[in-house]
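Engineer: Take this structure, written in structure tokens, and hold onto it; I'll ask about it next.
Here, each number is a calculation from the coordinates, and none is a lab measurement. Computed from a predicted structure; not experimentally measured. Cβ sites come from the backbone with ideal geometry, for glycine too, and all protein chains shown count toward neighbours.
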Amino acid sequence: MEQENKISSQSQKTRKWALASLICGALSVSGIFPPSSYGFFSFIFPIFAIIFGIIGLKKKEDKTFSIIGIILGSINIVITFLYFFGLFQPI
């Protein structure tokens with residue numbers, strides 16, 4: 001019983017970077033900070049999503065959350081660059 005609690009507490013502790021990556025990635029593409037009005041924030045959250053995702057992958061945390069956070073952050077960086085260069089206009 002004690003060993004099961006120890007394993008479950010370890011698995012919860014080791015997900016913090018992966019979960020932070022997923023949350024930052026979701027915030028970056030959610031539209032809360034569109035590139036037109038908050039240029040600074042439209043770069044900060046996706047950069048944090050990518051950094052936290054890489055840290056999560058290196059620490060052997062939940063790969064799924066880390067990879068999804070990296071993908072979402074990368075998508076938002078591409079959309080933000082396209083917007084600033086006039087190649088993409090949001091609806």
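Engineer: For ILE68, what is the net charge nearby, where nearby means another residue's Cβ is under 14 Å from its Cβ and Lys, Arg count +1, Asp, Glu -1?
Structural biologist: 0
Engineer: Follow-up. Considering only the other residues whose Cβ falls under 13 Å of the Cβ of LEU57, what net charge follows from Lys and Arg at +1 and Asp and Glu at -1?
Structural biologist: Cβ neighbours under 13 Å give a net charge of +3.
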